[in-house]
Structures are given as structure tokens and as C-alpha cells.
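The values are calculated or read from the model by the stated rules, or taken from the named source; none is laboratory data. The structure presented is a predicted model; accordingly, all values stated were derived computationally and were not measured. Virtual Cβ from ideal backbone geometry, glycine too; neighbours counted across all protein chains shown. Note: accessible area is taken over every heavy atom of the protein model, side chains too, but ligands, DNA and RNA are not part of it. Shrake-Rupley method; radii C 1.70, N 1.55, O 1.52, S 1.80 Å.
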Amino acid sequence: MLPDGICAVIRKDSYPVPEIFRLLAEKGNVEEQMMYNTFNMGIGMVLGVGASQAERTIEAAGLAGVEAYIIGVADEGEKGVTLC
């Protein structure tokens, strides 16, 4: 989804992480980065939209019965995902 020179910056506190992932990390002694890489920590699907359309997209998802969150931004940088 991301072109070269663009990275996704995901804010870990921007959405509720389902308790099952915390339990798996704790009981399995799995590092946080590995939990995100393996399980996405409950993020089911990501839509990339312009900042001016973000709130409208959240509202549309809600009207369709889907709980949605703004979880981060696209920024200049090495292609990939950064957690903060």
C-alpha cells in the first residue's frame, strides 16, 4: 500500500487492543514488536485516506456498523511501519 519513501506511523494508544493479545503476550512471553508483526494487535483492516477525509471516513464506517479509529499517519521515511 505504501510507495517508496513513505512509512506508516501507528500510534499504539489510538485504539483499544483486545485483551486476548495482552494475554498472549504475557503468557507466551512474546515481545511487543513480535505481537504487532504477527497479530496486528487487533487491527483488522486499514484504509489510507487523506487527512481531510479521515473524520468523514470514520463517520461512514460507523453508519455501516463498523467501529473505526484513526490509528496513525503516513509520513516521509523508509517504507514500512513505525510504532509509537
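Observations
- The set of residues in region 19-50 being surrounded by 10 or more Cβ atoms within 10 Å (Cβ to Cβ) and within 14 Å of Ala68 (Cα to Cα) consists of Gly42, Ile43, Val46, Leu47, Gly48, Val49.
- Per this entry, Cys84 is counted among residues that are open to solvent by 50 Å² or more (accessible area, probe 1.4 Å) and within 16 Å of the chain's Cα centre (by Cα).
Yes/no per residue for (1) within 18 Å of Pro18 (Cβ to Cβ); (2) in contact (Cβ under 8 Å) with a residue 40 or more places away in the chain:
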| position | (1), (2) |
| --- | --- |
| Met35 | yes, no |
| Asn40 | yes, no |
| Ile43 | yes, no |
| Val46 | yes, yes |
| Glu59 | no, no |
| Leu63 | no, no |
| Glu67 | yes, no |
| Glu76 | no, yes |
| Val81 | no, yes |
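- Qualifying residue in region 31-49 (condition: farther than 18 Å from Met1 by Cα, assigned to a loop (DSSP other than H, G, I, E, B) and at pLDDT 95 or above): no
- Total residues in region 3-23 satisfying the condition of being among the basic types (Lys, Arg) and not in a loop (DSSP other than H, G, I, E, B): the figure is 1.
- Residue count for region 51-79, restricted to those that are open to solvent by 50 Å² or more (accessible area, probe 1.4 Å), more than 26 Å from Gly5 (Cβ to Cβ) and not in a helix (DSSP H, G or I): 4
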